[in-house]
Amino acid sequence: MSDVYAEAYRQARDWLDGLDTAPMGARLSAPELQGAFDGPLPRTGQPADKVIRFLAETARPGLMGNAGARFYGWVNGGAVPSSLGADWLVSAWDQNAALSTVSPVASAIEAVAGKWMKALLRLPEEASFAFTTGCQMAHMTALAAARHAVLADIGWDVETDGLMGAPPIRVFTSRNRHGSVERALRYLGLGTNALHPVATDEMGRMRPEALEAEMIAYQGPAILALNAGDLNVGAFDNFADLIPIAKAHGAWVHVDGAFGLFAQTSKDKRHLTAGIEKADSWATDGHKWLNVPFDCGMAIINNPDAHKAAMTLNADYITATPDARDPIDWNLEWSRRARAIPVYAALMEMGAEGVEAMIDRTSAHCRALIEGIGALPGGEIIARSEINQGLVRFVRAGTSEAENDAFTETVMQAVNASGEAFFTGTLWQGRRCMRVSVVSWRTGTDDIARSLGAIKQVLAEKL
Ligand SMILES: Cc1ncc(COP(=O)(O)O)c(C=O)c1O
């Protein structure tokens, strides 16, 4: 039996040790890989260590390098060492983190990790929380609490009576919202027609005077969904002005802070989130800027009664322990992974100062990469960011916008094919751009120089 774990460790170590030299992007696509894994359902079994060797060796060309230092695609962070080690322990311990009686240790560590996260993110101590699979499920959790609260305010018990015949809820957002907010509304039965876009400025930030006018014109249960760091340019809504407007109209305020909420951890960046602590709920991720392994998100809700009312569950065979935290009361799932343990480990390893240093460092690297690209012949800066996300594109003199869009894509694909760095694209204000997202704790000054070298070489060939 022990050979299988030794084999798994050897394979994992080999992958981690090779991250600096391995290509940052996968070499094979999913359809190309599938054949290597496919076949009829095995009728008989085979030795476990052989299974692990086969898995690890066959997977290699399909692995993305987001655990590495020069991966700038989407917003996929790496994992600080203790969080990865803790994640291995979580799998070995195989705890069911539903109830304190089912796993005392999962309940205890989760309670502390939640308290530490609220302190790190400077959110109210008395808020309740849930560790989720990601920000998507954090939105679900928080917006379920919001749905409960805004309907309870007008005498409707949504947990008992459902939504059939309930007064409609309007959700004020900007067009810059992430798709996961929209999807949470679908899951919650509010529907996408509940979305009510509010006008924004050129960076996609909601205009307070527009929100005020929209709210005056509406009477009824309302939720305001704001952005702390949008996906393209890292823009932050103006919480200090927007939240009081919503509150004056009795709306619940929810913040999508998948990565941007971590601006709260930094003295340099905290001005971006001024006033954010006055919201009712916040959704964020551990597997992005905190650098814990997939999957890990978190909902923090400054209305424990609404949160619990939306989530709690009782059954005859469940015994609650007084004074212990039962995750089942706060989460969407019943049985679940003890995903707060890697968070606890990461916070122990880095401390608040280490997290702050990582947030500042990755932001500085993002800026250096953007400025470096802008200084290359053919490179153009579209959006500098005050955090770790920004946009660039690639242009040839005297060519049309459509040709520049295609050229940007060509350069990005060639850089990705070099294996030296990995980027993904987006459409921003009608133009094709390359996103620069620096999330990994591993990224260093040398990695920025190496990435710029790879881009420079591609431009020299393609211009
Ligand atoms: C701003 C924002 N919100 C929400 C999400 C969804 O997060 P998750 O993938 O952890 O569910 C993302 C993911 O990229 C995001 O960038």
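For this structure, a couple of remarks:
- Given (1) open to solvent by 20 Å² or more (accessible area, probe 1.4 Å); (2) within 27 Å of M348 (Cα to Cα); (3) not basic (K, R), number of the condition A48 does not satisfy: (2)
- The set of residues from the range 170-221 being over 25 Å from D157 (Cα atoms) and assigned to a helix (DSSP H, G or I) comprises G179, S180, P208, E209, A210, L211, E212, A213, E214, I216.
- Of all residues in the range 274-314, those satisfying the criterion of being of a type outside the set (A, V, I, L, M, F, W, C), within 14 Å of the ligand (Cβ to nearest atom) and in contact with a Leu (Cβ under 9 Å, 6 or more places away or on another chain) are S281, T284, D285, P293.
- Residue selection: E209 satisfies the criterion of being loosely packed, with under 15 Cβ neighbours inside 10 Å and not aliphatic (A, V, I, L, M).
- Checking each residue in the range 248-279 for being part of a loop (DSSP other than H, G, I, E, B), open to solvent by 20 Å² or more (accessible area, probe 1.4 Å), touching a residue at least 40 places away in the same chain (Cβ under 8 Å) and not basic (K, R) picks out G250, D268.
- Filtering I245, I223 for residues that are of a type in the set (V, I, T), within 21 Å of A149 (Cβ to Cβ) and open to solvent by 10 Å² or more (accessible area, probe 1.4 Å) leaves a single hit, I245.
- Residue check for W74: of a type in the set (F, W, Y), out of contact with any Asp or Glu (no Cβ under 7 Å at 6 or more places or on another chain) and either assigned by TED's automatic domain parsing to the domain that holds G297 or over 30 Å from S335 (Cα atoms) (or both): no
- In the range 41-66, of all residues being assigned to a loop (DSSP other than H, G, I, E, B) and under 15 Å from A12 (Cα atoms), the one that is farthest from the chain's Cα centre (by Cα) corresponds to L63.
- Per-region count, the range 73-104, residues farther than 20 Å from N314 by Cα and not in a loop (DSSP other than H, G, I, E, B): 13
- Inside the range 397-424, residues that are in contact with a helix residue (DSSP H, G or I) (Cβ under 6 Å, 6 or more places away or on another chain) and surrounded by fewer than 19 Cβ atoms within 10 Å (Cβ to Cβ) make up a count of 2.
- Test: residue in the range 307-316 that is open to solvent by 70 Å² or more (accessible area, probe 1.4 Å) and either free of Cβ contacts under 8 Å to residues at least 40 places away in the same chain or hydrophobic (A, V, I, L, M, F, W, C) (or both): yes
- Complete set of residues in the range 122-139 that are crowded, with 24+ Cβ neighbours inside 10 Å and either among the aromatic types (F, W, Y) or within 23 Å of L163 (Cβ to Cβ) (or both): F129, A130, F131, T132, A138, H139
The values are calculated or read from the model by the stated rules, or taken from the named source; none is laboratory data. Note that the coordinates shown come from a computational prediction; the quantities given were computed from them, not determined experimentally. Quick reminder, even Gly has a Cβ in these numbers, built from the backbone with ideal geometry, and neighbours come from all protein chains shown. Just so you know, the surface numbers come from the protein's heavy atoms only, side chains and all, with ligands and any DNA or RNA stripped out. Shrake-Rupley method; radii C 1.70, N 1.55, O 1.52, S 1.80 Å.
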